[in-house]
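Participant: Structure provided below as structure tokens; questions to follow.
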Amino acid sequence: MQTVSLKLYSDYYIWAPLALTGCDLLPEKNILLEVKKNRIVSCQMVQKDLLPSYIKVHPGFYPLEEGTTLLPALIDAHIHLALDGKNFNRARAMWKDSNALQTRIKHNLSEMINSGIGAVRDGGDSLAINLEAKRMVDSEQYSGPRIVAVGQAIRVKGGYGSFLGLDYECRTDIPALVERIWASGVDQIKVVISGVVSFIEYGSVKGLLMPLDDLCSVVAGARKYGLKVMAHASSAAAVDLALKAGVDSIEHGYFVSADGLKAMAEKHVAWIPTIIPVAAQLRGDLFAIRTPLETEVISTICKEQIEKLKCAFELGVPLGVGTDSGAGGVSHACNLVEEMLLYKTGFLDNRTVLKAATVTNAGILGLEKEIGILEPGYKAALIAVRGNPLDNLEDLKEVDTHFLPS
Ligand SMILES: [Zn+2]
């Protein structure tokens, strides 16, 4: 795997035997891209042996090998950099050891680059470690994917997620809390509407539900500063509240009803179903500690979530892909393709799944004019993989080259 860091004031030419272009990832052969100031300025069909000699000798010329495919870099719409996906308590303890924490985060970010992930959205932590990581990447002190950060999530006092962000006691405290989070330099506001699903009692979701008026106050505050709202909603009732309040994306959405999906399609609210954090509870070491009852509950939740994907897609819900990596059992980087493969088991075709992880996710991150599409005007945030992921999504596991705009 080679990473090509594109410099702002250098020009590049990338030639690919096959490229997946435009919003629909159309396969086109013998594509020459010209890149200036990190953006694709032209995209044309040229046979490799007909390339002009000034391009062949250009120091910024990258001819890709036969058998590889060039496509937009992948995007993970839901991660938690502050957590390690292995041991929650150990990861939390590491928050006090800045050197160890930064070493781990740097490692995770470089693994993401190696896995073809060009951008992520972080769902928050109570110390805004994600925001610091964003600053380190933006200032080029760390090499990593572009980070869209929420800093600290907003939660009701006594509700779920003390590790995710800051709580409020009274509705009247919310505008000042939103202002404080906005002033810290976040890209979006994250709100925790519900608790988490129970693996013991099917359909039960632990924790308080945020009252609708409180949620409306959070959304109004975010709108004041022009920020999108990312909502943790793990039950049909929480999804309902999120839709009434007018959030932009629904995270998890376990047990979402058919009416909930219809409303999401009508209001153009994105859904990030995060199947892998539940599916991971039945993998490896975690499987060994599960009772037969838990195994059944976990399997049922996964199966239902996967079955709803096709329904959501057919209704026109903007379907994104997020792993919740950092959560228990979900390591960073490697699980994005695993999540995409789960979408495939829900009978979505490869193009639909790939669009979810590129063009749709770019919109969820608020970067729809910058990344997620290979066409003139967009940043050259691109990857080359051996094979063709339209034929086989597993080909995304072998990234050959990652073009990383500064
Ligand atoms: Zn999360």
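The values are calculated or read from the model by the stated rules, or taken from the named source; none is laboratory data. In this text the structure is predicted, and so the values were computed from the model without any measurement. Here the Cβ positions follow ideal geometry from the backbone for every residue, glycine too, while neighbour counts run over all protein chains shown. Ligands, DNA and RNA are stripped out before the accessible areas are found, and what is left, the full protein with its side chains, is counted by its heavy atoms. Shrake-Rupley method; radii C 1.70, N 1.55, O 1.52, S 1.80 Å.
Participant: Determine the order of Thr323, Thr172 by accessible area, beginning with the largest, at a probe radius of 1.4 Å. Could the numbers behind the result be given before it?
Facilitator: Numbers: Thr323 0, Thr172 110 Å².
Ranked from most to least accessible, the order is Thr172, Thr323.
Participant: Counting pairwise Cα distances across the chain, what percent come out greater than 32 angstrom? The partial results should precede the final answer.
Facilitator: Working: 27642 of 82215 pairs.
So the portion of pairs separated by more than 32 Å is 34 percent.
Participant: If you place +1 on the Cβ of every Lys and Arg, -1 on the Cβ of every Asp and Glu, and leave all else neutral, what size is the dipole of region 207-265 about its Cα centre, to the nearest 20 Debye? All intermediate terms of the calculation are to be shown ahead of the outcome.
Facilitator: Values: 5 positive and 6 negative charges, 42 e Å.
Around 200 debye, computed over region 207-265.
Participant: Could you sort the peptides 389-402, 119-132 by per-residue average Cβ neighbour count (10 Å cutoff), highest mean leading? Working shown, then result.
Facilitator: Details: 389-402: 18.4, 119-132: 25.9.
Most protected by this proxy first, the peptides run 119-132, 389-402.
Participant: Explain nothing, just the number: relative contact order of region 74-364, from Cα pairs under 8 Å at least 6 residues apart, as a whole percent. Mind showing how you got there, number by number?
Facilitator: Details: 612 pairs, mean separation 58.0, N = 291.
This gives 20 percent for region 74-364.
Participant: Could you calculate, for region 1-88, the ratio of the Cα radius of gyration to the Kirkwood radius, expressed as Rg to Rh? Write out the running numbers ahead of the final one.
Facilitator: Numbers: Rg = 16.3 Å, Rh = 15.0 Å.
Rounded to two decimals, Rg/Rh equals 1.09.
Participant: Calculate, for region 74-364, the solvent-accessible area per residue in square angstrom, rolling a 1.4 angstrom probe over the heavy atoms of the protein chains. Please report the intermediate quantities before stating the final value.
Facilitator: Numbers: 11150 Å² over 291 residues.
It amounts to 38 Å² per residue over region 74-364.
Participant: Would you calculate the separation in nanometres between label points at Glu266 and Ala100, each defined as 7 Å from the Cα along the Cα-to-beta-carbon direction?
Facilitator: My value for the distance between the label points is 5.2 nm.
Participant: Moving on. Could you tell me which of Cys216, Ile276, Leu32 has its Cα farthest along the dipole of the chain towards the positive end, charges placed at Cβ (Lys, Arg +1; Asp, Glu -1), taken about the Cα centre?
Facilitator: The Cα lying farthest towards the positive end belongs to Cys216.
Participant: Among Ala16, Ser299, Asn130, flag the residue with its Cα farthest along the positive direction of the charge dipole of the chain, charges on Cβ as +1 for Lys/Arg and -1 for Asp/Glu.
Facilitator: Of the candidates, Asn130 comes out farthest on the positive side.
Participant: Still on this structure, I have one more. What's the extension gain from Thr3 to Tyr202 if we count 0.36 nm per residue and subtract their Cα-Cα distance?
Facilitator: On the way: separation 199, 0.36 × 199 = 71.64 nm, distance 4.46 nm.
Full extension from Thr3 to Tyr202 adds 67.2 nm.
Participant: Let me cross-check Cys334: its accessible surface, 1.4 Å probe, with only protein heavy atoms counted, in Å² to the nearest 10?
Facilitator: For Cys334, solvent-accessible area is about 80 Å².
Participant: What does DSSP give for region 74-364 in terms of the percent of beta bridges that are antiparallel, rounded to the nearest 5?
Facilitator: Here the antiparallel bridges make up roughly 5 percent for region 74-364.
Participant: Now a separate question. Arg283: accessible area at probe 1.4 Å, nearest 10 Å²?
Facilitator: Surface accessible to solvent at Arg283 totals approximately 90 Å².
Participant: Straight-line reach from Lys96: which lysines fall under 28 Å, measuring Cα to Cα and dropping same-chain residues less than 8 apart?
Facilitator: Lys86, Lys106, Lys134, Lys157, Lys190
Participant: Taking the dipole about the Cα centre of the chain, with the C-beta of Lys and Arg at +1 and of Asp and Glu at -1, give me whichever of Pro72, Val247, Ser184 is farthest to the positive side.
Facilitator: Ser184
Participant: Also, quick follow-up: Report, ordered by chain and residue number, the lysines lying within cross-link reach of Lys344, taken as a straight Cα distance under 24 Å and ignoring same-chain residues fewer than 8 apart.
Facilitator: Lys262, Lys303, Lys308, Lys310, Lys355, Lys397
Participant: Run the accessible area of the chain with a 1.4 Å probe and give the carbon-and-sulfur part as a rounded percent.
Facilitator: Details: 8670 of 16440 Å².
The nonpolar share, carbon plus sulfur, comes to 53 percent.
Participant: Could you give the size of the charge dipole of the chain about its Cα centre, using +1 on the Cβ of each K and R and -1 on the Cβ of each D and E, expressed in debye and rounded to the nearest 20?
Facilitator: Dipole of the chain, to the nearest 20 debye: 720 debye.
Participant: Heavy atoms of the protein only, probe of 1.4 Å, neighbouring chains included. What is the accessible area of Thr345 in Å², nearest 10?
Facilitator: Looks like 80 Å² after rounding.
Participant: Quick check for you: which residues of region 260-286 have the amide N under 14 Å from the point 7 Å beyond the Cα of Arg90 toward its beta carbon?
Facilitator: In region 260-286, the label zone of Arg90 (backbone N under 14 Å from the point 7 Å along Cα→Cβ) covers 285-286.
Participant: Under a plain spin-label model, where a point goes 7 Å from the Cα along Cα-to-Cβ, how far apart in nm are Asn114 and Phe287?
Facilitator: Going by the 7 Å Cα→Cβ label model, 2.5 nm.
Participant: Then there is this: Accessible area, 1.4 Å probe, largest first: how do Arg90, Arg351 sort? Walk me through the numbers before you get to the answer.
Facilitator: Working: Arg90 125, Arg351 80 Å².
Ranking Arg90, Arg351 by accessible area, largest first, yields Arg90, Arg351.
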